[in-house]
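Shown next, in structure tokens, is the structure this report addresses.
Nothing in this text is a laboratory measurement; each read-out follows from the coordinates by a stated rule. If you're wondering where the values come from, they're calculated on a predicted model, not measured in any experiment. Cβ sites come from the backbone with ideal geometry, for glycine too, and all protein chains shown count toward neighbours.
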Amino acid sequence: MVKIDSVNFEAEVLRSEKPFVLEFYSEGCIPCKRIAPVLAELEEEKPELKLAKANIKFCGDIVKKYSVMASPTVIFFNGGREQNRIRGVFRKAEIENAIEGAFK
């Protein structure tokens with residue numbers, strides 16, 4: 001899974017030709033560790049999407065711009081625009097529903 005930071009955010013996320021799922025996480029976050037396998041599964045199952053992670057510690061400007069208040073926060077981008085977001089611990093079905101809603 002690609003790591004996103006302030007340097008590559010625009011090129012990787014905003015200019016992506018594919019719909020983009022970006023998880024904002026922190027190293028010590030237990031819920032972040034719990035959803036990591038779910039996101040890895042989705043990355044394998046949905047090649048039409050790009051999935052990536054952004055450590056909130058290393059991309060404060062992006063965190064501020066998108067008002068990320070907690071980790072994990074997952075933001076769904078399409079065409080460089082935020083389409084949807086979910087926060088906290090979630091099940092695979094919940095993120096699949098969020099993906100469907102964001103990328104109709």
Review point. For the chain, with only Lys/Arg (+1) and Asp/Glu (-1) charged at the beta-carbon, what is the dipole magnitude about the Cα centre, in debye rounded to 20?
Key: 320
Exercise for review: With unit charges on the beta carbon (Lys/Arg positive, Asp/Glu negative), name the residue among Q83, I62, V38 whose Cα is farthest towards the positive pole of the charge dipole of the chain.
Suggested key: I62
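Structure shown: which of K18/K92; K3/K65; K33/K104; K3/K46; K33/K92 lie over 24 Å apart, alpha-carbon to alpha-carbon?
Exceeds cut-off: K33/K104.
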Check your understanding: For the chain, what is the mean residue ellipticity at 222 nm derived from helices alone (per DSSP H run of n ≥ 4: -39500 (n - 2.57); sum divided by total residues; nearest 500 deg cm²/dmol)?
Key -> -9500 deg cm²/dmol
Check your understanding: Relative contact order (percent) for the chain, with alpha-carbon contacts under 8 angstrom and 6 or more residues of separation?
Key -> 36
**Study point:** Of all DSSP beta bridges in the chain, antiparallel share, percent nearest 5
**Key:** 55
Exercise for review: Please give the direction-averaged projected area of the C-alpha convex hull for the chain, in square nanometres with one decimal.
Suggested key: 5.7
